[in-house]
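Structure record follows, encoded as structure tokens.
Only the coordinates and a few stated rules stand behind these numbers; no lab work does. Everything numeric in this text was worked out from a predicted model, so none of it was measured. Backbone-built Cβ (ideal geometry, glycine too); neighbour counts: all protein chains shown.
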């Protein structure tokens, strides 16, 4: 009886916590629900605040396809974000690996200077970056999109922090067996740090997919526009079709949600490991 009473008392104490979590979960999910419901309604219903699902989903999709190059923008976003993610993971992991496992006073000074770059606003470097991309002929190309973002101080710091858990004794044994330095990195370091790579991939892909300011500057051709640029075009007219706009927002949100849900476990492990 004592155990039953103790269990019931604990459950009663947890009721306020459950209620709080339910309310917070509802607040978190509601914008996503409203986005989906708005994508199925017309402009009048969205303006009135209608929350129920409507019957205009197909109409909104047809209007979106007729007025904008949706598939082209999706392809551009996938291409730019995918290439940037792959290159950034390789560059930042190599940098973090080198800073931690081959560090000396000079490299520590370089790393400190690199961290200072995190405090420089992006808008402060926008004009010189645009001038560089223009001189190199990288406007409206994937190179112009990704080059300023393939080496970020945050990702380098995250890989360096997680590299501290990499066993140095294994490296010494591998060198004795004749494995090269690049062999150690690609065949030993990368498999051990797969959770860090997953976390970095989620962060990089989402940042690249949602990027707007820099692509708006460097992508001057409508054929090179990304999904955030397409959404901005939908909202820039004198008369905004909110149903069509929310349909575009829905298409823009789905890929990042899929990436996060697929890699959420590895993402949590990688972020946790980076701050140990």
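Express the relative contact order of region 59-274 as a whole percentage, based on alpha carbon pairs under 8 Å and six or more residues apart in sequence. Could the numbers behind the result be given before it?
Numbers: 205 pairs, mean separation 77.5, N = 216.
Relative contact order, region 59-274: 36 percent.
Based on the mean of other beta carbon atoms within 10 Å per residue, what is the order of 120-131, 222-233, most packed first?
Values: 120-131: 11.5, 222-233: 19.2.
Ranking the peptides 120-131, 222-233 by packing returns 222-233, 120-131.
Mind jotting down a quarter of the surface of the convex hull over the alpha carbons of region 60-207, in square nanometres, one decimal? Walk me through the intermediate numbers first.
On the way: hull surface 48.4 nm².
Averaging across all directions leaves 12.1 nm² for the Cα convex hull.
What 222 nm value per residue comes from the helices of the chain, counting each DSSP H run with n ≥ 4 as -39,500 (n - 2.57) and dividing by all residues, nearest 500 deg cm²/dmol?
Numbers: 15 runs with 202 residues, N = 276.
Here the helix-only value at 222 nm equals -23500 deg cm²/dmol.
Normalise the Debye intensity by I(0) for region 181-276, one equal point scatterer per Cα, no solvent, then take log10 at q = 0.10, 0.17, 0.23 Å⁻¹ and round to two decimals.
-0.42, -0.85, -1.11
Return one quarter of the surface area of the convex hull spanned by the alpha-carbon atoms of region 80-130, equal to its mean projected area, in nm².
Its Cα hull, projected and averaged over all orientations, spans 4.6 nm².
Kindly state, as a whole number, the per residue volume in cubic angstrom of the convex hull around the alpha carbon atoms of region 37-98. Spell out each step's value before the answer.
Numbers: hull volume 7.7 nm³, N = 62.
Taking the convex hull of the Cα positions in region 37-98, it is 124 Å³ per residue.
May I ask you to derive the FRET efficiency for residue 65 and residue 107 from their Cβ-Cβ distance with R0 = 35 Å, giving the value to the nearest 0.05?
Computed FRET efficiency for residue 65 and residue 107 comes out at 0.10.
In nm, to one decimal, how far is the residue 174 label point from the residue 22 one, both placed 7 Å along Cα→Cβ?
Each label point lies 7 Å from its Cα, and together they span 5.2 nm.
Given q = 0.09, 0.15 Å⁻¹, what are the Debye log10 I(q)/I(0) values for the chain, with equal point scatterers placed on the Cα positions and solvent ignored?
Scattering profile of the chain, log10 relative to I(0): -0.61, -1.16.
How much length would be gained if the chain were fully extended between residue 79 and residue 194, taking 0.36 nm per residue of separation minus their Cα-Cα distance, in nm to one decimal?
Details: separation 115, 0.36 × 115 = 41.40 nm, distance 2.27 nm.
Difference between extended and current length: 39.1 nm.
Starting with the fewest neighbours, write out 180, 195 ranked by other beta-carbon atoms found within 10 Å of each beta-carbon. Intermediate results must be reported in sequence, preceding the final value.
Numbers: 180 11, 195 20.
Least crowded to most crowded, the residues run 180, 195.
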